[in-house]
Amino acid sequence: MHYERIHDPVQNDRTSGGPDRLLPEDPHSDHSVITSKNPPPRAGRLIFIAAIVLVVAFIFGLLPRLRERRAVAADTRDLAQPTVAVVIPAPAKAGPPLVLSGELKPVTEASIHARVNGYVRRWLVDLGAKVEAGQLLAELDTPDTDRELTQVRAQLAQAEAARDLAMTTAKRWKDMLVAKTVSAQETDEKAGDLDLKKATVEAARANVQRLEQVAGFAKLTAPFAGTVTARRVDVGQLINTTESQELFHLVQTDKLRVFVRVPQNYARSVTAEQVAELTLPELPGKKFAAKVIRTAGALDPATRTLLTELEVDNTKGEILAGSYAQVRLAEVKAEPVLTLPGNAIVYRAEGSQVAVVERDHIAFRTITLGRDFGTAVEIRTGVSSADRVVVNPADSLMEGTAVKVVESK
């Protein structure tokens with residue numbers, strides 16, 4: 001049975017603030033009613049607070065578990081991804097100045113040979129003699145050449161006489177042609193004979209000049225000022241031009257040429273006018289200034305070296321031509337090359353390779369090796385100074401493998 005609270009005005013007039021009376025609910029009553037269905041405000045607040053506490057407790061209990069799950073997943077990914085140490089290819093350390101063995105040769109040298117057959121009449125200079133240009137070295141007796149020269153001179157005289165006769169005849173026949181005592185054909189024949197005789201004279205004269213020049217080679221002279229380094233003639237010795245026999249050897253030693261072979265990795269830095277130092281084992285502590293004059297301009301395919309010529313002053317005669325020397329090329333530097341630790345290189349069927357990290361993935365590159373320095377190896381081609389190369393790569397690394405990078409110290 002429901003009850004409603006009825007406001008009694010009479011009672012309120014009698015007693016101000018008196019309690020209301022509880023009367024049975026009248027469905028037809030027009031009085032204002034306050035039902036008992038609405039809960040008290042305090043109970044609602046308690047329920048709200050309890051809900052908040054439960055939500056907070058749930059959140060604080062769930063978050064650590066979510067963090068743990070994410071950490072486990074990250075650790076799993078890290079453990080599944082290989083970790084590699086990398087290094088950057090470093091330039092090779094600058095080596096000491098280039099020192100090469102050089103061969104000393106005269107700036108000018110000549111082998112003196114005979115141009116005519118004969119016998120040695122006399123020789124005038126010996127081994128080690130200083131001679132001037134045009135100085136007489138030896139004389140030869142050339143009887144065969146002399147006889148030939150006499151013969152061709154006689155032939156020249158013969159040809160000149162025939163020419164003179166033909167000239168007179170041709171003139172006479174020309175005059176008779178004017179008088180119409182001879183035919184034009186006969187006159188032309190005499191003129192042609194004159195031309196033939198003139199040509200014969202020129203041929204004979206050329207032959208005489210040739211033999212006169214050959215006979216002049218009976219006197220051997222020095223082609224330039226220098227030193228006689230060899231004498232291979234004696235008085236009465238038979239000289240035969242077909243045997244290519246050297247009679248004297250003459251050199252000019254006031255300047256010497258030095259020939260060295262520069263290795264390929266130094267070749268590009270060799271230029272003309274570069275200075276160098278020359279030392280001789282028999283003159284310790286003595287240094288001679290040299291200068292690069294020219295290079296071959298191409299490498300020798302057999303040795304992969306560049307033939308280089310230097311020049312050294314030898315006015316005092318302190319250096320002997322033909323000796324060997326040490327040439328120090330201070331300005332010649334090797335081409336910059338990169339080096340890698342030896343354990344960064346893998347050897348496969350494709351050749352020597354290195355594993356390079358590109359965007360956290362492995363890429364294998366074929367390289368060309370240079371010199372081996374022990375702990376490091378020279379790399380000619382295949383990598384640059386910006387690449388990250390894996391040190392001691394595992395056999396499980398494949399092309400495209402994702403990795404985690406650790407910089408190697």
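The values are calculated or read from the model by the stated rules, or taken from the named source; none is laboratory data. In this text, all values refer to a predicted model and were calculated from it rather than measured experimentally. Virtual Cβ from ideal backbone geometry, glycine too; neighbours counted across all protein chains shown.
List, please: which pairs have Cβ atoms under 6 Å, are six or more places apart or on different chains, and start with a residue in the range 355-370 that is in the same structural domain as VAL87 (by TED's automatic domain parsing) and more than 20 Å from ALA92 (Cα to Cα) and end with one that is surrounded by 14 or more Cβ atoms within 10 Å (Cβ to Cβ) and charged (D, E, K, R)?
Cβ pairs passing all conditions: VAL357/ARG388.
Could you go through the range 257-271 and let me know if any residue there is assigned to a helix (DSSP H, G or I) and not assigned by TED's automatic domain parsing to the domain that holds SER323. Give the steps one after another, and end with the answer.
Going residue by residue through the range 257-271, those that are assigned to a helix (DSSP H, G or I) are 264-267.
So of that shortlist, the ones also not assigned by TED's automatic domain parsing to the domain that holds SER323 come out as none.
Checked the range 257-271: no residue is assigned to a helix (DSSP H, G or I) and not assigned by TED's automatic domain parsing to the domain that holds SER323.
Given the conditions (1) modelled with pLDDT under 90; (2) more than 27 Å from ALA402 (Cα to Cα), report the number of the one that LEU338 does not fulfil.
Unmet for LEU338, out of (1) modelled with pLDDT under 90; (2) more than 27 Å from ALA402 (Cα to Cα): (2).
Hey, THR295 hits all of (1) polar (S, T, N, Q); (2) closer than 17 Å to LEU100 by Cα; (3) modelled with pLDDT under 90 but one; which does it fall short on?
(3)
Being outside any loop (DSSP other than H, G, I, E, B) and either under 30 Å from ARG122 (Cα atoms) or at pLDDT 90 or above (or both) is the requirement here; does ALA206 meet it?
Values: outside any loop (DSSP other than H, G, I, E, B): yes; either under 30 Å from ARG122 (Cα atoms) or at pLDDT 90 or above (or both): yes.
Yes, satisfied.
Would you confirm whether or not the range 335-349 contains a residue that is of a type in the set (A, V, I, L, M), closer than 20 Å to LEU100 by Cβ and in contact (Cβ under 8 Å) with a residue 60 or more places away in the chain? First the steps, then the outcome.
As a first pass, look at the range 335-349 and keep what is of a type in the set (A, V, I, L, M): 337-338, 340, 344-346, 349.
Filter once more, so that each one left must be closer than 20 Å to LEU100 by Cβ: 337.
This time we only want the ones that are in contact (Cβ under 8 Å) with a residue 60 or more places away in the chain, so: 337.
Yes: one or more hits.
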